[in-house]
1. Say a site is exposed when it is one of the trypsin sites (Lys or Arg not before Pro), sits in a DSSP loop, and has at most 16 other Cβ atoms within 10 Å; what is then the longest site-free stretch of the chain?
2. Using Cβ counts within 10 Å as a stand-in for footprinting exposure, how do Thr69, Thr18, Thr90 rank, fewest first?
3. Mind checking Rg over Rh on segment 15-136, alpha carbons, Kirkwood formula for Rh?
Amino acid sequence: MKKKNEKVETGGLTGHLTELRSRLIKTFIFLVISFIFCYFFSSQIYAFLVKPYTTVIIENNLDRKLIFTALHEAFLTYLKVAFFASFFITSPILLTQLWKFVAPGLYKNEKRALLPYLVLTPLLFILGGLLVYYLIMPVP
């Protein structure tokens, strides 16, 4: 006999899709919350992203400026900066949720084969971003 609050495990495709949906909804909620947070700091994030460019312009005494060519462009730029920053913040949670969904269906040798990729991919992504930010963008 089932208890009133007992969770019934549904097998098959429907159960898997329900689990995937719940994991993606949790990730989406976190994405929205981080987007709202990042939007409050979008001007500071934007200033951080253009700092190498502005430093080179000031150091070389060049007559160049960053401008917005349309009335709505500043708003959309800050909106895009906030979205990409929130996606960057949320991506580890998204990947963790996807791994938790996929991992139970893998054998141990398959999990061990994927482990180097799971560790090195985010590390190489961050190192590539640092390379561009500190070495490639400051070049005039």
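A short reminder: the numbers here are calculations on the coordinates, not readings from a lab. Fair warning: this is a prediction, and the values are worked out from it, not measured in the lab. Cβ coordinates were reconstructed from backbone atoms using ideal geometry, including for glycine residues, and neighbour counts include every protein chain displayed.
1. Numbers: sites that count: Lys2, Lys3, Lys4, Lys7, Arg64, Lys65.
Formally, the longest exposed-site-free interval is 66-140.
2. On the way: Thr69 5, Thr18 11, Thr90 20.
So the residues, fewest neighbours to most, are Thr69, Thr18, Thr90.
3. Working: Rg = 19.4 Å, Rh = 17.5 Å.
Radius of gyration relative to Kirkwood radius: 1.11.
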